[in-house]
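Every number in this text was worked out from the coordinates using simple rules, so none of it is lab data. None of the values given here were measured: they were computed from a predicted structure. Here the Cβ positions follow ideal geometry from the backbone for every residue, glycine too, while neighbour counts run over all protein chains shown.
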């Protein structure tokens, strides 16, 4: 990638809108459900899938289900997103923590 192209790509990346939110990971083979939060839900799938492929995900039940059923059995759904541009990091984190608790209770899922 040439230098001007790289600069344009970096500028575009920095100007993108970051959306915090709540996501749900489902395993169709075992009916497992895990709920989590991320300060940027547009990138969370890549992060979680990477740790699962490497066998390095800190959530044992999720990692074990991945090992047993494989990547094709899993899906990720963003169930709630927040525009947090005007919020402090503390209020955003509180909103995410409360959202994960509410969704986990509603779905009967484990928190990740």
Problem set entry | Surface/4 of the Cα convex hull for segment 16-111, nm² | 6.2
Problem set entry | Helix-derived mean residue ellipticity, 222 nm - over the chain, DSSP H n ≥ 4, -39500 (n - 2.57), to 500 | -15000 deg cm²/dmol
For this session: Just rank 50, 74, 82, fewest to most, by other beta-carbon atoms within 10 angstrom.
Result: 50, 82, 74
Exercise. In the Gaussian network model of the chain, springs joining C-alpha atoms below 10 Å, which of 87, 77, 64 carries the largest mean-square fluctuation?
Worked result: 87
Problem set entry | segment 16-111 - percent relative contact order, Cα under 8 Å, separation 6 or more | 42
For this session: Looking at the chain, send over the antiparallel percent of its DSSP beta bridges, to the nearest 5.
Result: 90
For this session: Arrange the following residues from fewest to most other Cβ atoms within 10 Å of their Cβ: 111, 17, 7.
Result: 17, 7, 111
Problem set entry | segment 1-44, Rg to Rh (Cα coordinates; Rh as Kirkwood inverse mean 1/r) | 1.27
